[in-house]
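Structure, as structure tokens:
The values are calculated or read from the model by the stated rules, or taken from the named source; none is laboratory data. Only a predicted model underlies this, so the values are computations on that prediction, with no experimental measurement involved. Positions of Cβ are backbone-derived with ideal geometry, glycine not excepted, and every protein chain shown enters the neighbour counts. In case anyone asks, the SASA skips ligands and DNA or RNA and just uses the protein heavy atoms, side chains included. Shrake-Rupley method; radii C 1.70, N 1.55, O 1.52, S 1.80 Å.
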Amino acid sequence: MGGATAGAMGEMVFYDDYWTHSECQRVGRDGQKAKMWKIYSCQESLWDWDLYVGY
């Protein structure tokens, strides 16, 4: 998980999906650094990795 905590997970929304965990993490970190969102989490799905963000 990125910067997410269990308490914040309910406030997170789906942003996009990525083929690899590393790509998901990179986009999550980049968006956090750019202040596009406060927290992020990469969750494994059936085919890929889903990026969830919290504003």
### Query
So residue 9 fits all but one of (1) modelled with pLDDT of 95 or more; (2) touching a Gly at 6+ places or on another chain (Cβ under 9 Å); (3) among the aliphatic types (A, V, I, L, M); what number is the exception?
(1)
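For the range 40-52, what are the residues that are open to solvent by 60 Å² or more (accessible area, probe 1.4 Å), within 10 Å of the chain's Cα centre (by Cα) and of a type outside the set (S, T, N, Q)? Full working, then the answer.
Taking the range 40-52 as the starting set, the residues that turn out to be open to solvent by 60 Å² or more (accessible area, probe 1.4 Å) are 43-44, 46-47, 52.
Of the ones still in play, those that are also within 10 Å of the chain's Cα centre (by Cα) are 43, 52.
Answer for the range 40-52, where residues must be open to solvent by 60 Å² or more (accessible area, probe 1.4 Å), within 10 Å of the chain's Cα centre (by Cα) and of a type outside the set (S, T, N, Q): just 52.
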### Filter result for the condition that a residue is open to solvent by less than 80 Å² (accessible area, probe 1.4 Å) and at pLDDT 95 or above, over 37, 19
37
